[in-house]
Structure formats: structure tokens, C-alpha cells
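Trainee: Take a look at the following structure, please.
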Amino acid sequence: MLHYHVFQYLIDIDETEKLMDFHSPFLESFLKNLHREILYKFYIKKQRYLDAANELLTFAQNANESTLEQRIQWVEEALLFATGVDNSREKTRVIEEARAMLRSAKISGKIKGETQIKDYVELMQHAFEEKDWQSILEIEAAQPSVDEKARKDEEERRKLLYPNIENLIQPVTSLICSRCCSILTSIC
């Protein structure tokens with residue numbers, strides 16, 4: 001129990017570097033239970049970079065009171081730590097999760113008024129060109145709602161975004177219809 005008081009004292013006097021130098025089996029559990037914001041630094045000091053990346057991703061997901069910029073910074077740091085680790089399945093998972101969070105956070109930041117609607121159109125067009133369907137859904141979900149006055153602008157924007165949507169939908173619809181017909185024919 002004394003070690004917990006020593007750990008807390010070092011945090012209180014802002015000596016976290018000295019705290020990280022302790023070789024106590026209790027330090028990690030102390031940080032997990034009481035000071036998760038310091039835990040990722042502990043993992044870095046112990047060269048447990050994937051654990052540090054996971055902690056940073058957890059911060060980014062759960063820190064509602066943090067700014068979007070802070071959350072993006074945590075995800076970028078997590079990505080950096082994860083890429084420095086030898087190949088493993090966990091590394092791949094962390095990198096994919098960090099990239100998805102980063103893409104989503106950057107899209108949210110652009111849509112929430114930090115850029116113009118023109119940038120929204122460019123984001124959507126880029127996502128279409130890349131056939132990145134997940135980003136398309138995220139961009140559309142993050143789009144600010146429009147009032148009655150802006151509905152015409154919204155229709156024009158959609159025409160810009162989806163100029164050839166009929167050309168994309170028609171082949172898919174035809175394929176689905178032909179398969180449904182063949183299934184119904186085989187059943188009857």
C-alpha cells in the first residue's frame with residue numbers, strides 16, 4: 001500500500017519521469033486503475049509500443065471533452081507507435097483501427113464547418129473515385145443538416161456528387177433482377 005502513496009506523491013509533484021523509472025510490479029496496475037492518462041507513457045518507457053498505441057486509441061474513442069484536434073493527435077501517435085513494431089496480427093489490427101479512426105475524425109472535422117461545402121464535394125468525389133464506400137457513408141453521415149432555404153443548394157450539390165449515379169445503379173439493378181428471376185424460375 002505504501003508504494004501506491006509514493007506513486008501518487010510523484011504524480012502530485014509532477015515527477016512522472018521518476019515514476020516511470022520505478023521497477024515495481026504494482027506500477028502498471030496503479031496506472032491502469034487510477035491514472036490511465038499516464039499509462040501510455042509507461043508503455044513507451046517499457047518499449048511496449050502496441051500497448052501504448054492501444055491506450056492512445058482508447059483515449060481518442062472515449063475522450064468526449066477533448067477537442068477533435070487532440071483526438072486526431074492521439075490517433076496519429078498511436079499509428080506511429082504501431083508502425084514501429086515488428087509484424088504481427090495485433091499490429092495490423094491497431095494500424096487498421098487507427099487509420100479508420102483518423103479518416104473518420106478528419107472527415108468529421110472537415111464537415112463540421114472547418115471547411116466549405118466545396119471541400120465536402122471534393123471529399124465525396126475522391127471517395128467515389130477510390131470506391132471507398134465506408135468513407136462515403138461516413139461523409140454522408142457527418143454532413144451538416146440543411147434548412148429549408150438551403151434545399152436547392154443541397155439538390156445541386158447532389159447532382160455534382162452523383163452525376164452518373166443512374167449509370168452505376170442500372171447495372172447492379174439489372175444483375176439483381178436477373179438473379180432473382182433465375183431463382184424464382186428454379187423454384188417454380
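The values are calculated or read from the model by the stated rules, or taken from the named source; none is laboratory data. Only a predicted model underlies this, so the values are computations on that prediction, with no experimental measurement involved. Ideal geometry is used to build each Cβ from the backbone, glycine not excepted, and the neighbour counts take in all protein chains shown.
Trainee: Select from the stretch 79-102 the residues that are surrounded by 17 or more Cβ atoms within 10 Å (Cβ to Cβ), under 19 Å from Q134 (Cβ atoms) and not hydrophobic (A, V, I, L, M, F, W, C) and list them in ascending order.
Mentor: E97
One line per residue, one yes/no per condition, for (1) modelled with pLDDT under 90; (2) within 30 Å of R103 (Cβ to Cβ):
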position	(1), (2)
Y4	yes, no
Q8	no, no
D12	no, no
F26	no, no
N33	no, no
Y49	no, yes
T67	yes, yes
A78	yes, yes
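Trainee: Let me ask something additional. Identify all residues within the stretch 35-47 that are touching a Lys or Arg at 6+ places or on another chain (Cβ under 8 Å) and either more than 19 Å from F81 (Cα to Cα) or at pLDDT below 90 (or both); write none if there are none.
Mentor: The answer is none; no residue qualifies.
Trainee: Okay, moving on. So in the stretch 1-21, with the set limited to residues that are part of a loop (DSSP other than H, G, I, E, B) and hydrophobic (A, V, I, L, M, F, W, C), which one is surrounded by the most Cβ atoms within 10 Å (Cβ to Cβ)?
Mentor: Selected residue: I13.
Trainee: Where residues in the stretch 41-78 are part of a helix (DSSP H, G or I) and small (G, A, S), which of them is surrounded by the most Cβ atoms within 10 Å (Cβ to Cβ)?
Mentor: It comes out as A53.
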